[in-house]
Amino acid sequence: MGGGGGGDTFTVDDALLTLGFGKYQYFVLAYAALAWVSEAMEMMLLSFIGPVVKRIWRLSAKEQSLITSVVFIGMLVGAYSWGVIADKYGRRKGFLMTALVTTVAGFMSSFSPNYATLLVLRCVVGIGLGGGPVLCSWLLEFIPPPNRGTWMVVFQAFWTVGAVFEASVAWAVMPTLGWRWLLAFSSIPSFGLLIFYLCTPESPRYLCLNGKIKEAMTILDRIAKVNGTEVPSGTLVSDDDVVASDQDSTPTKRHKQGALTAILKLLSRELIRPTLLLWVVFFGNSFSYYGLVLLTTELNAGRSACAGHKVKAEETEDVNYKDVFITTFAEFPGLIIVALTVDRVGRRLSMAVLFSICCVLIFPLVFQQSDMVTTGLLFGSRICITATFTTLFIYAPEIYPTAVRSTGFGAASSMGRIGGMVCPYVAVALVQGCHETAAIAMFEVIIILSGVSILLIPIETKGRQLSDNVKQKCQP
């Protein structure tokens, strides 16, 4: 199986089409899902921890904002760095390191004796969480093209599962056991990643691209055995070799590249336009998503305080857990929207429409609204921004060829981390400073820019196979 036969060749995508989506992919999805739940929990806890430690350690609004921002600073470093490591040394090694960093720093942060220690440890957690794009690239490279959109939506659903679970845990733990226990409990899924790591395979697409044909065939044979199918007859080749053969030239050199080479490829003539526009979209999407999460805990409380209705912190909850829990459930209808549109309408158009609807829903918040109306508008906005975020995480790795997929996705994700880094100073500091109108106006402008930028990207990936070759990938 997989031996040379009459000069016939096949690529990894050809093999995946024949092997189908079966039990083996379910295992890969389960591991990726655990990692996604872990990342969602570590991110969502930020909206619960900030208000509590602000009261306990008597922090200013800017100091509270910094607790969230340092996580994104770490993710900014991690997203690009882990992407380069994964493209150079393999997907498995990339997400092993991310899981190890996240687990250790996440658990240790529950023992933080003071504000400075908490900042340092949460920044290290952010570095680990920056490996999310590596995980997405790894999963994507096991899924047959016809199933890619559907199953990547299923994968993204586990972020919502993690977010809702974190809201539930916070509601149960924080009022009785406190914030340290929430940090400790939230690190448990990361330990699971380390336990099951030895069972995870390397991406056959990555192995094939780097000349490790025998190892790639071993993985494909294993998939065939578990799924009850057969690998195509012929010789396994990468897309680079197919393109070289079509052009009557020698196969290209294998892609062992450094960080500088990788970033230069992202800014090459073929990729510079989608790369730069994707950076804008990631910035806007992360700014909006995490901003809406923070607004859920800040907007009603901030307006009440500014209206002169502030009560002593000791007499009220630090966080309105009910509002956070309700708005977090908005992510489920967002996922349903993605499932219905991503392979029918396409990635770009669906994101542009959802950004527009989000703008319409946020606009009334410029004016004073009742708590119920505010929660309802944030619920609708969260639906839209969750749907765009999910679609973007499907679309971004599809744009890039295998040789720079993790790097390209990681670099774009880094731009998103800058958005996440800035948003607390808008959603928390501005709101607590009684500048709610200015805060909402900034969200409106950034969301509009994101919608325009996604339409300007000249590539639609709906129904396309993944590619190993830059020129082949960038054809409209």
Considering only residues that are of a type in the set (Val, Ile, Thr) and within 24 Å of Ala412 (Cβ to Cβ), look in the stretch 93-140 and name the one that is nearest to the chain's Cα centre (by Cα). Val134
Restricting attention to the stretch 79-97, does a residue exist that is part of a helix (DSSP H, G or I), closer than 30 Å to Ile326 by Cβ and not small (Gly, Ala, Ser)? no
Tell me the helices (runs of 4 or more DSSP H) entirely within the stretch 200-250 that contain at least 2 residues that are modelled with pLDDT of 80 or more and not hydroxyl-bearing (Ser, Thr, Tyr). 204-209, 213-227
Apart from one, (1) in a helix (DSSP H, G or I); (2) surrounded by fewer than 19 Cβ atoms within 10 Å (Cβ to Cβ) all hold for Val71; the odd one out is (2)
Candidates Gly420, Gly376, Gly410 - the one that is open to solvent by 10 Å² or more (accessible area, probe 1.4 Å), part of a helix (DSSP H, G or I) and of a type outside the set (A, V, I, L, M): Gly376
Among what's in the stretch 141-156 and is more than 13 Å from the chain's Cα centre (by Cα) and part of a helix (DSSP H, G or I), pick the residue that is modelled with the highest pLDDT. Val154
What are the residues in the stretch 58-84 that are free of Cβ contacts under 8 Å to residues at least 40 places away in the same chain and either within 20 Å of Trp279 (Cα to Cα) or aliphatic (A, V, I, L, M) (or both), if any? none
Listed residues Thr68, Thr117, Thr150, Thr102; which is of a type in the set (S, T, N, Q), in contact with an Asp or Glu (Cβ under 9 Å, 6 or more places away or on another chain) and either within 25 Å of Ile188 (Cβ to Cβ) or not assigned by the TED database to the domain that holds Asp14 (or both)? Thr102
Select from the stretch 32-51 the residues that are more than 16 Å from Ala163 (Cα to Cα) and in contact with a Leu (Cβ under 9 Å, 6 or more places away or on another chain) and list them in ascending order. Gly50
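The values are calculated or read from the model by the stated rules, or taken from the named source; none is laboratory data. Being a predicted model, the structure only gives us computed values, none of them experimental. Neighbour counts run over all protein chains shown; Cβ positions are idealised from the backbone, glycine included. What goes into the accessible areas is simple: the full protein's heavy atoms, side chains included, and nothing from ligands, DNA or RNA. Shrake-Rupley method; radii C 1.70, N 1.55, O 1.52, S 1.80 Å.
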